[in-house]
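J.: Below is one structure. I have some questions about it.
The values are calculated or read from the model by the stated rules, or taken from the named source; none is laboratory data. Nothing here was measured: the structure is a model prediction, and the numbers come from that model. Virtual Cβ from ideal backbone geometry, glycine too; neighbours counted across all protein chains shown.
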2 protein chains.
Amino acid sequence: MKKLFSTLCLVSCISSTVHAQEFSPEQIQQVAQVREAAINSDLSWQILESLTTEIGPRLPGTENDKKAVEWAQAQFKALGFDQVWIEPATFPHWRRYHESASIITPSEQPLHLTALGNSVSTPKSGIQADVVFFETLDELIASPEGSLKGKIAFINYRMNRHIDGNGYGPAVKARNSGAVEAAKKGAIAYMMRSVSTSHHRFAHTGGSHYKTGVTKIPATAVANPDADQLARLFKNGHKVQVKLNIQTEDLGEGTSYNVIGQFNGTQYPEQYVLIGGHLDSWDLGTGALDDGAGVALTMAAAKHISDVKRPKRSVRVVLFAAEELGLWGAKAYFKRHEKTLDNIVAAAESDFGADVVYGFESNVSADALPVVREIAKQLAPLNVKYIRKNTARGGPDLIPLKNTTSAPIFALHQDGTDYFDYHHTADDTLDKVDPKKLQQNTAAYAVFTMMAADAKTKISGK
Amino acid sequence: MKKLFSTLCLVSCISSTVHAQEFSPEQIQQVAQVREAAINSDLSWQILESLTTEIGPRLPGTENDKKAVEWAQAQFKALGFDQVWIEPATFPHWRRYHESASIITPSEQPLHLTALGNSVSTPKSGIQADVVFFETLDELIASPEGSLKGKIAFINYRMNRHIDGNGYGPAVKARNSGAVEAAKKGAIAYMMRSVSTSHHRFAHTGGSHYKTGVTKIPATAVANPDADQLARLFKNGHKVQVKLNIQTEDLGEGTSYNVIGQFNGTQYPEQYVLIGGHLDSWDLGTGALDDGAGVALTMAAAKHISDVKRPKRSVRVVLFAAEELGLWGAKAYFKRHEKTLDNIVAAAESDFGADVVYGFESNVSADALPVVREIAKQLAPLNVKYIRKNTARGGPDLIPLKNTTSAPIFALHQDGTDYFDYHHTADDTLDKVDPKKLQQNTAAYAVFTMMAADAKTKISGK
Ligand SMILES: [Zn+2]
Ligand SMILES: [Zn+2]
């Protein structure tokens, strides 16, 4: 009956009715207080500044990664979290030592390029070979057998810019499997246009893969202006020769740690809202947008809540390890906690930079929607729209959760229009984060988290 | 009487009067034809694309510099210039081989940095030392004797953004003499914030100098986000240690060539309008904005004029050599032609990127002002305003001309607001040039050059 009434009634009527049920006026007042505190606080900025400045890049397995794990525990403790602990995660430990490249013919000029994650090295002295140009991965796949023998394959696929980053998926295919497909045709190295919307000379790194039985060849991405340069040389009919030196190392299995901080719930402490980001970053930049911002703003959001109250359920901030190398921290977390995933009443990861949150979306059972609508109402003052589709997919570290359970997943959609100008490049540094936008993100996470943790109804997944 | 009448009369009356005197209706019609052709042509873009793509960086003395000299002669000939020739210029030949740097404490992270032109090398194994922070060059100069012994000095002076680039002068002081002042206090290396308005991780190179009797120490500039990072570390009270490896070489005296193309005048061929840019560039980028654009648009402007007619006087395009290392081509040119500088009826260099020309300014004798006003009238349709101050300074390669004579100098002022985002960095590449804006520049140069060459009155300097 309650549900029928809700769907028939007008918005204002629903709100006030559910309001009375899910949240007391005092609770709503507390939410407003937290929202106000978060939007005016520089706490998330301070945390982000500390992480990106005093530690910097955090490639899993490096000394800086270890420092980041120490740093995160110390931060959680300093912020007064009730519980702080770590949980191990293993991952394939890979390192970049050197990368350099030049166009040799028709004239010598440096090529801004980076090894893709997992790439093997060239011989110590590098390699020099003619380049074969393709517009797309499919074009390369369609090339004749053996046609790339002794050559360097280059794919110039151009990523589209979009608010939701929908250009990334199509572009990333060439990063995932380009080196394999090139090697199948006999190529001795692989270059691709960066999976990036930037028009600056920063090459974009990111995970890449080999396939058993196919020769592992060095896999690289060139900065977009350099990809343009190569494309122009081909257009003008030049034979293009490139020299390439990549030195990396596969160090076998490494171990890092998910770092977890929790404010305990007062009524159902075993139930919890899971928010967080990933603590690791690629080695090129300082991981400010990816994903220092997610780390900082979820830590700060939880702290702002605790300044006002401990909600009914726990607020757990999980800083995942080794996301960039393949969600290794997330896999370990959800494996370790597989028996108690029902305790997760809401899960959201911030891992899409630090531009404004423009939309709020759930992925929950129908009887949880009244709570969701109440949360949406309290997000509205932050210019966050309620997206009613109820098909939220959450951040990458929630993929293992979605794969194993029907968990209640939430998305606080960020504007990703410019995200891929910086993502996975040396240019992902603190100055790219707008302090005002970071505050808005923090406030949105604080409101969502507090309400999901403090609602009368336990939110459950579909 | 003519002059008195002009100054008393209203603008429209001046214009029509002078019009009748300086340019026939047919000439004005020809100017319009050239303007129209230039604004609709992609010739300057084609030239710029060829130079920056097929040759790329053009550091004086390199193989690419030689190729550029060949390229320029071939281009001039292909464009149908009546005369094409080269004139030698010597310069101090310097090369950059390697540069790398990291922050070591409080945590290791790469530092994006570049050697300043003329910098000496570090030892092969690099140097590692504590960094001492200064906000300004004056602050460093005021530091106690011996206070930098064994240290690396760092100046964080921040360049201002301005349409006329007026932030460059104050900022460049630390590039010119920072290493000398640091060495005087005992420093073993010098780092400065880039003379740049960029917020990307590109370090800005450029000329630097040593002083006899003062130890030559490696001189470098760090990218602005890296300078911010250093500044934050100092602000937070950290002891900052940096590792630095710079490998360069002083190769003694080198020789390059000014490349000159001329369309001969029909009536006074010995008199000429001098336009041009510099053919060399720094080695980091492809010298698209600095100064491929100036080269391309002045070559194209002359060609567009010649498509319509040969003016009374010659149009000479001078592509100066080795500007970046100290105006060596310009010094050689004006020295070589010192007896005939009176033949220059107007001189303008384009060396400030490729953003729109917003203002036109002369530096001429009073009796040449009627011609100038006529030119300004024909520039107005290109949204170029007439700046009446008559104090134009022209481009850097005209400095030796101004120093030796009262030459008639012109400035086609470009919007330089964003110029220092790219100038002297690896990011100075073709994609930073807007083809529409390049056309507007080309048209402005074509109009100015044609009219100065075809006026009844010979323009002379003050
Ligand atoms: Zn991420
Ligand atoms: Zn220049």
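J.: So A:Gln73 ticks every box in (1) within 14 Å of another protein chain (Cβ to nearest Cβ); (2) among the polar types (S, T, N, Q); (3) under 29 Å from B:Gln229 (Cα atoms) but one. Which box is left unticked?
T.: All conditions are met except number (1).
J.: Quick one: A:Asp283 ticks every box in (1) surrounded by fewer than 24 Cβ atoms within 10 Å (Cβ to Cβ); (2) outside any strand (DSSP E or B); (3) not assigned by TED's automatic domain parsing to the domain that holds A:Phe154 bar one, so which box is it?
T.: (1)
J.: How many residues does segment B:348-360 contain that are away from ligand 2 (no atom under 16 Å from the Cβ) and surrounded by fewer than 24 Cβ atoms within 10 Å (Cβ to Cβ)?
T.: Within segment B:348-360, residues that are away from ligand 2 (no atom under 16 Å from the Cβ) and surrounded by fewer than 24 Cβ atoms within 10 Å (Cβ to Cβ) number 3.
J.: Then there is this: Answer yes or no: is there a residue in segment B:56-79 that is assigned to a helix (DSSP H, G or I), small (Gly, Ala, Ser) and crowded, with 19+ Cβ neighbours inside 10 Å.
T.: yes
J.: Something else now. Just the residues that are under 20 Å from the mean Cα position of the chain (by Cα), more than 12 Å from chain A (Cβ to nearest Cβ) and of a type in the set (A, V, I, L, M), please, taken from segment B:197-229.
T.: Matches in segment B:197-229: B:Ala221 only.
J.: If A:Glu63 satisfies every condition in (1) within 14 Å of chain B (Cβ to nearest Cβ); (2) touching a helix residue (DSSP H, G or I) at 6+ places or on another chain (Cβ under 8 Å) but one, which is the exception?
T.: For A:Glu63, the exception is condition (2).
J.: Is it true that some residue in segment B:251-269 is more than 14 Å from every other protein chain (Cβ to nearest Cβ), assigned to a strand (DSSP E or B), acidic (Asp, Glu) and more than 28 Å from B:Ala347 (Cβ to Cβ)?
T.: no
J.: Quick check on this structure: which one of B:Ser24, B:Ser41 is buried (at least 16 other Cβ atoms within 10 Å of the Cβ), of a type in the set (S, T, N, Q) and assigned by TED's automatic domain parsing to the domain that holds B:Glu324?
T.: B:Ser41
J.: Being among the small types (Gly, Ala, Ser), in contact with an Asp or Glu (Cβ under 6 Å, 6 or more places away or on another chain) and either outside the structural domain of A:Tyr422 (by TED's automatic domain parsing) or assigned to a strand (DSSP E or B) (or both) is the requirement here; does A:Gly277 meet it?
T.: Working: among the small types (Gly, Ala, Ser): yes; in contact with an Asp or Glu (Cβ under 6 Å, 6 or more places away or on another chain): yes; either outside the structural domain of A:Tyr422 (by TED's automatic domain parsing) or assigned to a strand (DSSP E or B) (or both): yes.
Here the answer is yes, as A:Gly277 does meet what is asked.
J.: What number of residues within segment A:264-287 are more than 13 Å from ligand 1 (Cβ to nearest atom), among the charged types (D, E, K, R) and within 21 Å of A:Leu48 (Cβ to Cβ)?
T.: 1
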